[in-house]
Structures are given as structure tokens and as C-alpha cells.
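The values are calculated or read from the model by the stated rules, or taken from the named source; none is laboratory data. The shown structure was predicted, so the numbers you read here are calculated from the model rather than taken from an experiment. A quick note on method: Cβ atoms are made from the backbone with ideal geometry, for glycine too, and the neighbour counts reach across all protein chains shown. When the accessible area is computed, the model is the full protein with side chains, heavy atoms only, and any ligands, DNA or RNA have been set aside. Shrake-Rupley method; radii C 1.70, N 1.55, O 1.52, S 1.80 Å.
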Amino acid sequence: MHSSNDNPQNLPVVVVLAAGQGRRFRASGAQTGKLQAQLHGRSVLEHTLAAVAASGLRAVLVENGPLWRSKGMGHSIARGVALSPDASGWLILPGDLPAIAPESLRAVARLLEAQGGVVRPRIQGQWGHPVGFSAAWKDQLLQLTGDSGAQSVVKAAQAQAQWHALALDDWGALADTDTLADLSAVAHRWEQRHA
């Protein structure tokens, strides 16, 4: 997508959200958090980060630590943006999408670079991930709090006609692992894809 002369600092950054509680996953009978769950020899989060690395885009991992704890998805998004203020935009990617294709990330980044605004993928009639935001929305993203994510920013972009839908053919952009059943379904489709 980019030549070696491109400055990676000026490209959209993938904000990988890994600070959630994963309560639904544990409630479904799991012994670990969903991001630590194993899928074909690696954790769910490792697969997600590998897809980001393969896309060639920079990543910012937002996770809980001794000096910072998430107060919800909106808070985590704001943290990721604050950690990469030089970016031309941000692709918000939940850490529990282990089967997302690197090309999907590149496609969202390309449209974001070309059109600006907000880019939201649509897969098989459903909204998927990652959602892309240009730098024009930085201030609004930094103000996010709570657990409603960036829906308010998406609605503002729609109201200003700065919103773009992007058709993708990537089941992995929908395949989160909120429960053990979800993880099993992803594992099954993964095996079919690699057979």
C-alpha cells in the first residue's frame, strides 16, 4: 500500500482495544479472559496483533496497567488516540477479532486517507470493524468516556455527510469472540479457510 519512502507517522494508526473485562466470555464457562483464550496455538489477542502487523500499519495497544485502567470502551478509544497524537487517523479495532484479514485493515486505511471523515465497514449486511476516523475527529475522540464507544462521533459524521460505508468480504471483521461458542465458531471457520 505504501512505499518505503512513506512516513509511517502520517498513516492511520490501528488502536487495538484490549482493556475490556470480558465478563460474557467468563460467564460462558471460560477459565481465562477472551483475549488470552487459545486459538490454533496463539492467544486471540496475538492473532489480532499479527493481522495488524501484516497490514503494515502502526498499532497502539490499549490495555489495563498499574498506571491506567479503562473505564469503558470510549475511555479506551480516547486513550489510544492520546497515545498516537501524530496519526493522520485511527482505526478502532477490538482485540477479540483474531480472524480479521490484514487487507481489511488496509482497505479501511486507504478509504480513510482518500476520503477523510469516518469509514465504517459493512460485511454481509452487518456493520463490522475496524471503524476509521480521520484526524479531523481527534478532539471528539479524545473526549470519549464511558462504555458507548465512538457512536456519538459516528452519528456526528453522518449528520455532516462525512461518513463512508465500505463493503468488505471478510467474515473475520465480524467474528468477535465474546463467548466460548463464538470462539468455537471462529476456530471452525478458521480450519475451513486454511484447509
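Can you say whether Ser134 is over 23 Å from Asp182 (Cβ atoms), crowded, with 18+ Cβ neighbours inside 10 Å and touching a residue at least 40 places away in the same chain (Cβ under 8 Å), as far as the supplied structure shows? Yes.
Looking only at the range 31-45, filter to residues that are assigned to a loop (DSSP other than H, G, I, E, B), out of contact with any strand residue (DSSP E or B) (no Cβ under 7 Å at 6 or more places or on another chain) and small (Gly, Ala, Ser); which one of those is modelled with the lowest pLDDT? Steps first, answer last, please.
Quick first cut of the range 31-45, residues assigned to a loop (DSSP other than H, G, I, E, B) only: 31-37, 40-41.
Now narrow it down to the ones that are out of contact with any strand residue (DSSP E or B) (no Cβ under 7 Å at 6 or more places or on another chain): 31-34, 40-41.
Those still in the list that are small (Gly, Ala, Ser) too: 33, 41.
Working: Gly33: 86, Gly41: 91.
Taking the candidates together, the pick is Gly33.
Every condition in (1) farther than 22 Å from Ala87 by Cβ; (2) within 17 Å of the chain's Cα centre (by Cα) is met by Ser134 except one, and the failing one is (1). Scanning the range 155-195 for residues that are aliphatic (A, V, I, L, M) and under 21 Å from Val14 (Cβ atoms) yields a count of 9. Taken together, Gly172, Gly125 contain a single residue that is out of contact with any Gly (no Cβ under 7 Å at 6 or more places or on another chain), open to solvent by less than 20 Å² (accessible area, probe 1.4 Å) and more than 20 Å from Val60 (Cβ to Cβ), which is Gly172.
Say we look at the range 86-95 and pick out the residues that are more than 12 Å from the chain's Cα centre (by Cα) and of a type outside the set (A, V, I, L, M); which of these is least open to solvent (accessible area, probe 1.4 Å)?
So in the range 86-95, the residues more than 12 Å from the chain's Cα centre (by Cα) come out as 86-89.
Filter once more, so that each one left must be of a type outside the set (A, V, I, L, M): 86, 88-89.
Values: Asp86: 72, Ser88: 45, Gly89: 0 Å².
Looking at the filtered set, the residue picked out is Gly89.
Here Leu83, Leu112, Leu61, Leu67 are screened, and the one residue that is more than 14 Å from the chain's Cα centre (by Cα), open to solvent by 60 Å² or more (accessible area, probe 1.4 Å) and modelled with pLDDT of 95 or more is Leu83. Here Ser76 clears all of (1) open to solvent by less than 20 Å² (accessible area, probe 1.4 Å); (2) under 21 Å from Thr145 (Cβ atoms); (3) not in a helix (DSSP H, G or I) except the condition numbered (3). Among the residues of the range 11-30 satisfying the criterion of being of a type in the set (Gly, Ala, Ser) and assigned to a loop (DSSP other than H, G, I, E, B), which is modelled with the lowest pLDDT? Looking at residues that are of a type in the set (Gly, Ala, Ser) and assigned to a loop (DSSP other than H, G, I, E, B), I get Gly22.
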